[in-house]
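Here the structure is laid out as structure tokens; the discussion comes afterwards.
The values are calculated or read from the model by the stated rules, or taken from the named source; none is laboratory data. Since we're looking at a predicted model, the values are computed, not measured. Cβ atoms come from the backbone with ideal geometry, glycine included; neighbour counts cover every protein chain shown.
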């Protein structure tokens, strides 16, 4: 392995490029850390390339393990391979051929796999090539038989994604690690954006945007919203108390001021619809699905007392209203008017106001992203944040969709 980068070399400025294609001629100018399966085509192949300004540093090639190159050689049930990323190969330019570069490229490949939802990583390695196995803490899958490719025997090695990404990150040093850290916020935002796309295909969003939500389904949505919106200032106050950094404290102080009495807006919406507000305020309990989201919020700040992680809950909730298009509220106005309610806009002031509060370059959602960018500076903290974010998003989505799915009795048409 060469170490051509010296003290006389200009300080590198690394950048990332992700695509489904890499010029094969580029790879002829580097060393393959391993590349057992390149001759086999795989249309789902994805490449991660690292550059130092305009100079190619290296490329990692990856693809799903199921129904692809790995599956063609290692026959396993689809359920075993579906959550698994196959790391096909890593090629490194001669002038950058260091353990640091190998670890950085491996990390960037695993990062993409994590965004895509994979939980495990698997590679096929020939004998005596243990460099990557050491970097990623891979262990042999001893229950699988080795396979032969062009006369060379390869063995399957695997690890959980969380462990492998942590090991790769901690192996990196200097400029490579600084580059990886710059992409933390991008992974968080992309993870949230992909979930948002799924949320917008869910029953609650479609019922409102399409103007088909029933009065009872909408009322139940407001009632469940009230259960945790009225807790917002209390939870924000805890976040202020537990904040370890001034900027996080200041964020929640700002946030708390913006949340004061927001539950009253929901109460006004319910009053305009002629609903029993006293029941919602004093006797109602949240539906189970809504309660699951509330428990994520309350445990994050009440038990773990981590104000930074609590921002993951804010990102889940405020990311919805920050990204609602005008057509969404138009569908809701249309539905309310169809129920025979006068002045439909007076029955949906809470949702309308939060589009303004949470959206835009100076809205709550952007403020959350800006704060996260400053303080998540290690892979271990990123993993913690992503796990809370995914739990918050999953339970938030389930709670909202339950307002529709559990109440089809009030919207379904009867038979003849």
Flagged pairs (Cβ under 7 angstrom, 6 or more apart or on separate chains; first in segment 215-242, without any contact (Cβ under 8 Å) to a residue 24 or more places away in the chain; second in a helix (DSSP H, G or I)) are 236/252; 236/255; 236/256; 236/259; 237/256
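Of the residues that sit in segment 257-276 and are without any contact (Cβ under 8 Å) to a residue 24 or more places away in the chain and assigned to a helix (DSSP H, G or I), which one is surrounded by the fewest Cβ atoms within 10 Å (Cβ to Cβ)?
Initial filter on segment 257-276 (without any contact (Cβ under 8 Å) to a residue 24 or more places away in the chain): 257, 261, 264, 271, 274, 276.
This time we only want the ones that are assigned to a helix (DSSP H, G or I), so: 257, 264, 271.
Numbers: 257: 10, 264: 14, 271: 13.
Here the residue is 257.
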Report task. Answer yes or no: is there a residue in segment 82-97 that is farther than 18 Å from residue 61 by Cα, touching a residue at least 24 places away in the same chain (Cβ under 8 Å) and buried (at least 17 other Cβ atoms within 10 Å of the Cβ). Result -> yes
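Does segment 135-149 hold any residues that are part of a loop (DSSP other than H, G, I, E, B) and either modelled with pLDDT under 90 or over 15 Å from residue 168 (Cβ atoms) (or both), and which are they?
Applying the first criterion (part of a loop (DSSP other than H, G, I, E, B)) to segment 135-149 yields 137-138, 141-146.
Scanning segment 135-149 gives 141, 142, 143, 144, 145, 146.
Counting just the residues of segment 46-67 that are assigned to a loop (DSSP other than H, G, I, E, B), in contact with a helix residue (DSSP H, G or I) (Cβ under 9 Å, 6 or more places away or on another chain) and surrounded by fewer than 20 Cβ atoms within 10 Å (Cβ to Cβ), which one comes out modelled with the highest pLDDT? Working first, answer last.
Here is the first cut: in segment 46-67, the residues assigned to a loop (DSSP other than H, G, I, E, B) are 53-54, 65-67.
Imposing the further condition that a residue be in contact with a helix residue (DSSP H, G or I) (Cβ under 9 Å, 6 or more places away or on another chain) reduces the set to 65-67.
Those left that are additionally surrounded by fewer than 20 Cβ atoms within 10 Å (Cβ to Cβ): 66-67.
Details: 66: 92, 67: 86.
The extreme case among them is 66.
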Residue pairs qualifying under the 9 Å Cβ cut-off, at least six apart or on distinct chains, with the first in segment 145-172 being at positive phi and outside the structural domain of residue 386 (by TED's automatic domain parsing) and the second being assigned to a helix (DSSP H, G or I) and surrounded by fewer than 21 Cβ atoms within 10 Å (Cβ to Cβ), are none
